[in-house]
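**Student:** Could you have a look at this structure, given as structure tokens, before my questions?
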Amino acid sequence: MSSTTPTARTAAEATGARTDEAASLIGDARDRIDALDDRIIGLVQERMAVSAVIQEARISSGGRRVNLSREMEILARYREALGKPGTPLAMTLLELCRGRV
């Protein structure tokens, strides 16, 4: 029979860890990830609002809703910073901010 408490086993099972120490570390790190995700979501929502202002200004001045050269700059920026996975991430952000093209 194991010498760990039921609570520790539950935490270890929830994290996939094999020790209480690792389970605690993983739990703390997951809390940090959740906080980061909350910030990222907030930033994406802010980006969407700013993008809407830009689109409205562009359209009301007689321009097109989408500026493809600017989007290519954004794709390149994400790809350079994050490697190949940066491209689909940037595409998702662009779609969220301007809708489907």
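The values are calculated or read from the model by the stated rules, or taken from the named source; none is laboratory data. It should be emphasised that the depicted structure is a prediction, and the values quoted were computed from it without experimental measurement. Reconstructed Cβ throughout: ideal geometry from the backbone, glycine too, with neighbour counts over all protein chains shown. Each accessible area value is taken on the protein alone, full model and side chains, heavy atoms only, with ligands, DNA and RNA left out. Shrake-Rupley method; radii C 1.70, N 1.55, O 1.52, S 1.80 Å.
**Student:** Go through segment 82-94 and count every residue that is open to solvent by less than 80 Å² (accessible area, probe 1.4 Å) and over 14 Å from the mean Cα position of the chain (by Cα).
**Tutor:** 1
**Student:** Now a separate question. I'm trying to understand the selection: among the residues of segment 75-90, which are out of contact with any helix residue (DSSP H, G or I) (no Cβ under 7 Å at 6 or more places or on another chain) and either at pLDDT below 95 or within 15 Å of MET48 (Cα to Cα) (or both)?
**Tutor:** Hits for segment 75-90: nothing passes.
**Student:** Would you please list the contacts, defined by Cβ atoms under 7 Å and residues six or more apart or on different chains, that run from a residue in segment 67-81 that is at negative phi and in contact (Cβ under 8 Å) with a residue 60 or more places away in the chain to a residue that is open to solvent by 100 Å² or more (accessible area, probe 1.4 Å) and assigned to a helix (DSSP H, G or I)?
**Tutor:** none
**Student:** Checking the conditions here, which among ARG65, ARG58 is outside any helix (DSSP H, G or I) and either over 30 Å from GLU13 (Cα atoms) or open to solvent by less than 80 Å² (accessible area, probe 1.4 Å) (or both)?
**Tutor:** ARG65 is the lone residue from the list that is outside any helix (DSSP H, G or I) and either over 30 Å from GLU13 (Cα atoms) or open to solvent by less than 80 Å² (accessible area, probe 1.4 Å) (or both).
**Student:** Can you list residue pairs whose Cβ atoms sit under 7 Å apart, with the first residue in segment 41-59 being polar (S, T, N, Q) and the second being open to solvent by 80 Å² or more (accessible area, probe 1.4 Å)? Count only pairs 6 or more apart in sequence or on different chains.
**Tutor:** Sorted first by the residue in segment 41-59, then by its partner, the pairs are GLN55/ARG65.
**Student:** Then there's this: Just checking, how many residues over segment 1-38 are of a type in the set (Val, Ile, Thr), assigned to a helix (DSSP H, G or I) and either touching a Phe, Trp or Tyr at 6+ places or on another chain (Cβ under 9 Å) or at pLDDT 85 or above (or both)?
**Tutor:** Matching residues across segment 1-38 total 3.
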